[in-house]
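Remarks on the structure that follows.
The values are calculated or read from the model by the stated rules, or taken from the named source; none is laboratory data. Computed from a prediction, not measured in an experiment: that's the story for all the values here. Methodologically, a virtual Cβ is constructed for each residue, glycine included, from the backbone with ideal geometry; neighbour enumeration extends over all protein chains shown. Calculation scope for accessible area: heavy atoms of the full protein, side chains included, ligands and nucleic acids excluded. Shrake-Rupley method; radii C 1.70, N 1.55, O 1.52, S 1.80 Å.
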Amino acid sequence: MSGINAILVKVGRSVGGVVGTLYQAGRETVDTTIRNIIPFMAFISFIIGLVLTTGIGDWIANGIKGLASSLVGLLIVSVVCAIPILSPLLGPGAVIAQIVGTLLGVEIGRGTIPAQYSLPALFAINPQVGCDFIPVGLALGEAEPETVEVGVPAVLFSRLITGPLSVVIAYFASFGLYSSN
Amino acid sequence: MKLMIGLETTVGDPTGAWGALADGAEYFISIFQEGGAVLLSLMGGILPTLIVLLTAVNALVRLIGPEKIENLGVKASQPGLQWYPVRYMVLPLLAVFFLTNPMAYTMGRFLPEKYKPAFYDSAVSYVHPITGIFPHANPGELFVYLGIAAGIQTLGYGLGDLALRYLLVGLVVIFIRGIVTELITARMMARKGAAA
C-alpha cells in the first residue's frame, strides 16, 4: 500500500511540476508581451502609418535608395554606425536599429530596395549592437575594472573592422535569396 | 452615403477656409488610421504565434534548466585553437538561447579576464540574429529583424530562408568578431602592461 502511495505522490508531483512550469512560462510570456512587445508594436505602427500616409516615405526612398541597394552603400552605412564615438550613442535599446529596420522593411515592401538586400542590410544597420552596454555587460560577466578599461575600446575598435566585414559576408551569403534565378 | 435612393441627398464638400480645415483634419486622422491598420495586422498576424512560441520555448528552457550550460563555460575558458569555436560560437549561442538578453553575458564569469570582452562582443552580437527563429531570446528588440521581415512579407515571400541565413551568417560573424576582439584586447593589455 505504501508503495502505491509513493508512486502516486511521485507522479502527482512531477505532473504538477511540469504543468506549473508551463503555466509559469505562459505568465512570463504574457508579461513580456504586454511590457515589451506590444508597446514597441504601437510605436512601430505609428511610424509605418506616418511613412505610408505622408510624403516622408518617398523622401526616405530617395535618400536611401542608393545607400541600401548596393554593397558599397551598405558598407558606408555600417562604417558610420561603427564609428567608436557614434556607436554607443546609436546603441541603446536597439531603438535606432529597429526604426531603421522598419523603414527599410517598408521600402523593401514598396520595391525600392531589392529583396535580396534584406540580409546584408540586417548587418549593415547593426554594427553598433550592444556598444552602449559594454561596461554593464562586462560587469555581468564579473570582469575586473582593468578589463572594463581595456574592453570598452577593444570592442569599439573591433566593430570598425567586423562591422563592414559582416556586411560583406552577409552580401555573399545572400546569393540566391529571393532572386528569380 | 446615400440613404434614400432616388432623392438628391448628396452633400457637397465644405469649401473655403472651413473646407481646407476639414481636409486637414481628415488627412491628420488618416495617418493614424493607417497606423491602426498596421497595428491590427501585427497583433492579428505575428503576435498570437509569437505568444505561443515564447510560452513553449520558455517552458522548455525552464524544464532543461539554464544552469546546465555552466559546464560548457568552464570548458570554453581553456586556451587552444579548438576552443575558439566553442567560446565564440557555441557558448554565445547557448547562452543567448537559454539565458536570453541580458543575462547571457553572465556566462563571461567562467572565462579568464583576457577573453571577457571578446565573449561579450560575441554574445551581444547574436541577440538579434537569433530572433528570426527564436524570438524568446530578445523579445524587446524584435523589430530589427521583424521590420525588415515585414517588407519581405509584403512582397509575398516566405521568411524561412531569410531567418535561417540570418541565424547562420550571425554565427560566422560572432565567431570572427570574437577572434578580432580577443586579438585587440590582448594587444591593448600588453601595451598597458608595458606602460605600467
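In this structure, does B:Asn71 turn out to be farther than 21 Å from B:Met189 by Cβ, open to solvent by 30 Å² or more (accessible area, probe 1.4 Å) and in contact with a helix residue (DSSP H, G or I) (Cβ under 7 Å, 6 or more places away or on another chain)?
Judged against the criteria, B:Asn71 is not a match.
Starting from segment A:2-28, keep only residues that are within 11 Å of chain B (Cβ to nearest Cβ) and within 24 Å of B:Leu54 (Cβ to Cβ), then list their pairs with residues that are among the basic types (Lys, Arg) and surrounded by 10 or more Cβ atoms within 10 Å (Cβ to Cβ) whose Cβ atoms are within a distance under 9 Å, requiring at least 6 positions of separation or different chains.
Within 9 Å, the pairs are A:Thr21/B:Arg62; A:Leu22/B:Arg62; A:Gln24/B:Arg62; A:Ala25/B:Arg62; A:Glu28/B:Arg62.
Of all residues in segment B:108-123 being more than 7 Å from every other protein chain (Cβ to nearest Cβ) and touching a residue at least 60 places away in the same chain (Cβ under 8 Å), which is most open to solvent (accessible area, probe 1.4 Å)?
Ranking the qualifying residues of segment B:108-123, first place goes to B:Lys114.
Sort through B:Tyr166, B:Tyr126, B:Tyr145, B:Tyr105 and tell me the only one that's surrounded by 24 or more Cβ atoms within 10 Å (Cβ to Cβ), among the hydroxyl-bearing types (Ser, Thr, Tyr) and more than 7 Å from chain A (Cβ to nearest Cβ).
Working: B:Tyr166 fails: more than 7 Å from chain A (Cβ to nearest Cβ); B:Tyr145 fails: more than 7 Å from chain A (Cβ to nearest Cβ); B:Tyr105 fails: more than 7 Å from chain A (Cβ to nearest Cβ).
Checking each option against the conditions leaves just B:Tyr126.
Which condition from (1) more than 30 Å from A:Ala154 (Cβ to Cβ); (2) of a type outside the set (S, T, N, Q); (3) at pLDDT 85 or above is the one that A:Val79 breaks?
Checking A:Val79 against (1) more than 30 Å from A:Ala154 (Cβ to Cβ); (2) of a type outside the set (S, T, N, Q); (3) at pLDDT 85 or above, the one that fails is (1).
Report the residue count in segment A:44-65 for those that are open to solvent by 60 Å² or more (accessible area, probe 1.4 Å) and away from chain B (no Cβ under 11 Å).
Filtering segment A:44-65 down to residues open to solvent by 60 Å² or more (accessible area, probe 1.4 Å) leaves A:46, A:52, A:56, A:58-59, A:62, A:65.
Cutting the leftovers down to away from chain B (no Cβ under 11 Å) gives us A:58-59, A:62, A:65.
Result for segment A:44-65: 4.
Take B:Gln78 and decide whether it is surrounded by fewer than 21 Cβ atoms within 10 Å (Cβ to Cβ), in a loop (DSSP other than H, G, I, E, B) and either more than 9 Å from chain A (Cβ to nearest Cβ) or hydrophobic (A, V, I, L, M, F, W, C) (or both).
Values: surrounded by fewer than 21 Cβ atoms within 10 Å (Cβ to Cβ): yes; in a loop (DSSP other than H, G, I, E, B): yes; either more than 9 Å from chain A (Cβ to nearest Cβ) or hydrophobic (A, V, I, L, M, F, W, C) (or both): yes.
Here the answer is yes, as B:Gln78 does meet what is asked.
I'd like the residue in segment A:125-156 that is crowded, with 19+ Cβ neighbours inside 10 Å and not hydrophobic (A, V, I, L, M, F, W, C) and, out of all such residues, is farthest from B:Ser77 (Cα to Cα).
For segment A:125-156, the residue satisfying everything is A:Asn126.
Only one of these conditions is not met by A:Arg159: (1) open to solvent by 10 Å² or more (accessible area, probe 1.4 Å); (2) at pLDDT 85 or above; (3) more than 7 Å from every other protein chain (Cβ to nearest Cβ); (4) more than 30 Å from B:Gly158 (Cα to Cα). Which number is it?
(1)
Given the residues B:Pro92, B:Pro139, which is the only one that is farther than 22 Å from A:Asn36 by Cα and in contact (Cβ under 8 Å) with a residue 24 or more places away in the chain?
Numbers: B:Pro139 fails: farther than 22 Å from A:Asn36 by Cα.
Matching residue, one of B:Pro92, B:Pro139: B:Pro92.
Find the residue count for segment A:63-76, including only residues that are of a type in the set (S, T, N, Q) and modelled with pLDDT of 80 or more. Break it down into steps so the answer makes sense when it comes.
Applying the first criterion (of a type in the set (S, T, N, Q)) to segment A:63-76 yields A:69-70.
Imposing the further condition that a residue be modelled with pLDDT of 80 or more reduces the set to A:70.
Going through segment A:63-76 one residue at a time, the tally reaches 1.
Being in contact with a Phe, Trp or Tyr (Cβ under 9 Å, 6 or more places away or on another chain), over 22 Å from B:Val169 (Cβ atoms) and open to solvent by less than 30 Å² (accessible area, probe 1.4 Å): is that true of B:Leu99 here? Talk me through it step by step, then tell me what you get.
Numbers: in contact with a Phe, Trp or Tyr (Cβ under 9 Å, 6 or more places away or on another chain): yes; over 22 Å from B:Val169 (Cβ atoms): yes; open to solvent by less than 30 Å² (accessible area, probe 1.4 Å): no.
So B:Leu99 does not fit the description; no.
Being over 17 Å from the mean Cα position of the chain (by Cα) and within 21 Å of A:Gly151 (Cβ to Cβ) is the filter; apply it to segment A:70-118 and report the residue that is surrounded by the fewest Cβ atoms within 10 Å (Cβ to Cβ).
The extreme case among them is A:Ile85.
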